[in-house]
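Colleague: Please see the structure below; I have some questions.
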Amino acid sequence: MWYVGLLKKYALFSGRSRRQEYWLFILVTFLVYMLVPYLDRELRTGTLFAYLYSVALLVPGIAVAVRRMHDTDRSGWWLLFPLVNLIFLCQDSQRGPNRFGPNPKNA
């Protein structure tokens, strides 16, 4: 499953990620976040699983966002400006290779 493959690159802050990879990661993460409260309630664990899932996805979420910034030929530091980077995250890839590597669309 591609989601597991993405999680294997959990601390890879170099290279590039396509829009599809980034937004599918966000979608799956959101859907799991919607299910976790039911798991916590059924197991009577308070918010334990929600907390653990949040902590577990902190680094992979930042890593895929940094790689997405790289795909638009921007530094990952732009993530510190949330409103501006939302526009960047939605932009198409820069055509051809850039300073962060080859275009993943062509791979």
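The values are calculated or read from the model by the stated rules, or taken from the named source; none is laboratory data. All figures in this text were calculated on a predicted structure; none of them were measured in a lab. For neighbour counting, all protein chains shown are included, and Cβ atoms are generated from backbone atoms with ideal geometry for every residue, glycine included.
Colleague: Name the one entry in Val28, Val55, Val59, Val4 that is out of contact with any Pro (no Cβ under 9 Å at 6 or more places or on another chain), assigned to a helix (DSSP H, G or I) and modelled with pLDDT under 90.
Modeller: Answer to the selection: Val4.
Colleague: Show the residue pairs meeting these rules: Cβ distance below 7 Å; 6+ apart or different chains; first residue within segment 17-37 and touching a residue at least 40 places away in the same chain (Cβ under 8 Å); second residue of a type in the set (Ser, Thr, Tyr) and not in a helix (DSSP H, G or I).
Modeller: Listed pairs, sorted by first residue: Arg18/Ser93.
Colleague: Taking the stated definitions as given, is Arg67 among the charged types (D, E, K, R), closer than 23 Å to Asn103 by Cβ, surrounded by 11 or more Cβ atoms within 10 Å (Cβ to Cβ) and in contact with a helix residue (DSSP H, G or I) (Cβ under 6 Å, 6 or more places away or on another chain)? I'd like the intermediate steps shown before the answer.
Modeller: Numbers: among the charged types (D, E, K, R): yes; closer than 23 Å to Asn103 by Cβ: yes; surrounded by 11 or more Cβ atoms within 10 Å (Cβ to Cβ): yes; in contact with a helix residue (DSSP H, G or I) (Cβ under 6 Å, 6 or more places away or on another chain): no.
When the stated conditions are applied, Arg67 does not pass them.
Colleague: Report, by residue number, each residue of segment 35-57 that is closer than 29 Å to Asp71 by Cα and either touching a helix residue (DSSP H, G or I) at 6+ places or on another chain (Cβ under 6 Å) or among the aliphatic types (A, V, I, L, M) (or both).
Modeller: Within segment 35-57, Tyr53, Val55, Ala56, Leu57 qualify.
Colleague: Moving on. Quick one: which residue in Leu48, Leu39, Leu43 is of a type in the set (A, V, I, L, M), out of contact with any Asp or Glu (no Cβ under 6 Å at 6 or more places or on another chain) and surrounded by 14 or more Cβ atoms within 10 Å (Cβ to Cβ)? Break it down stepwise before answering.
Modeller: On the way: Leu48 fails: surrounded by 14 or more Cβ atoms within 10 Å (Cβ to Cβ); Leu43 fails: surrounded by 14 or more Cβ atoms within 10 Å (Cβ to Cβ).
Unique residue meeting the criteria: Leu39.
Colleague: Related question: Could you please let me know if Arg74 is surrounded by 17 or more Cβ atoms within 10 Å (Cβ to Cβ), modelled with pLDDT of 90 or more and in a loop (DSSP other than H, G, I, E, B)? Spell out how you get there, then give the answer.
Modeller: On the way: surrounded by 17 or more Cβ atoms within 10 Å (Cβ to Cβ): yes; modelled with pLDDT of 90 or more: yes; in a loop (DSSP other than H, G, I, E, B): yes.
The answer is yes for Arg74.
Colleague: Since Ile62 meets every condition but one in (1) under 21 Å from Leu86 (Cα atoms); (2) more than 10 Å from the chain's Cα centre (by Cα), which condition does it not meet?
Modeller: The failed condition is (2).
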